[in-house]
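One structure is given here, and the rest of the page talks about it.
The values are calculated or read from the model by the stated rules, or taken from the named source; none is laboratory data. Please read these numbers as outputs of a predicted model, since none were measured by experiment. Reconstructed Cβ throughout: ideal geometry from the backbone, glycine too, with neighbour counts over all protein chains shown. In case anyone asks, the SASA skips ligands and DNA or RNA and just uses the protein heavy atoms, side chains included. Shrake-Rupley method; radii C 1.70, N 1.55, O 1.52, S 1.80 Å.
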Amino acid sequence: MIAWVAIRSVDAFIREFVRPVAEKTDSKLDDQLLPVLSKVIKGIIVALALVVIVGSFGYDITAVLAGLGIGGLAFAFAAKETIADMFGGFSIFTSRPFVVGDFIEMQDGIVGEVVEVGLRHTRIRNLDKRLVIVPNSKIANSVITNITSAPQRKCVWHLGVTYDTSVAKLEKAKKIIVDAINAHPECENDPIVEFEEFGDFSLKILVIFYTKENDFKQFVRVRDAIGMQIKRGFEKAKIGFAFPTQTIHLQK
């Protein structure tokens, strides 16, 4: 009964006193540590309660703890993956490659917002709004790109126009792209728009520009507005985008 009251008291204390203070701070580390701290404290309470209960039945606590030590070694070998995940979680808390709320990209292609960092798993909400649960050991051994930490967002396009586009129209296409980017108030006015290469079926133009802020929704809106403006400009100048084509010559 005392253990049950203690566990409920820990929940109430964290909910009523600790969490409001953590929410007022600028750092997200305390918000990230609260769930883990709560689980650790309650785990210690449960372990102490079990020791007291075993002792109350007349068993030798020292012998029981020694037996638990031997059993703990066997358990450690059997649960090495779990232990690796826990050490991975400790690594995340100490090195802080990201915190809850950050938008990250993992080496294996997982992209999304960090929702929770636990003892064993990290929960990530991907772009499909699905919850991806990743073991901490995998995260600790993976290359992580913290997109949120970047001051700006970068957009790269490889635009292809048809081979019958004249040099004058090619220069016109570059000007249309530059003007569309520079005219947008949420873009930096230093885009890279240059001829890239002679492709298999197109003349490729390399386009690189940056938004002024690192916000994903804003980035999507900016990219959409600029893309539509470029398309309108190309249609007005009668510049055609290229697509995979083949030219077949028939010889009699």
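Here are a few things to note about the model shown:
- Qualifying positions in segment 222-246 - basic (K, R), out of contact with any Cys (no Cβ under 8 Å at 6 or more places or on another chain) and under 25 Å from K154 (Cα atoms): K231, R232
- Pairs where the first residue, in segment 1-29, is of a type in the set (D, E) and in a helix (DSSP H, G or I) and the second is surrounded by 11 or more Cβ atoms within 10 Å (Cβ to Cβ) and at pLDDT below 75, C-beta under 8 Å, 6+ apart: E23/D31
- Within segment 94-114, being open to solvent by 30 Å² or more (accessible area, probe 1.4 Å) and touching a residue at least 60 places away in the same chain (Cβ under 8 Å) holds for R96, V100, F103.
- Members of segment 202-241 found to be over 34 Å from the mean Cα position of the chain (by Cα) and of a type outside the set (D, E, K, R), listed by number: S202, L203, G233, F234, A237, I239, G240
- Those residues of segment 183-199 which are exposed (fewer than 15 other Cβ atoms within 10 Å of the Cβ) and either among the β-branched types (V, I, T) or without any contact (Cβ under 8 Å) to a residue 12 or more places away in the chain (or both), in sequence order: P185, N189, I192, E197, F198
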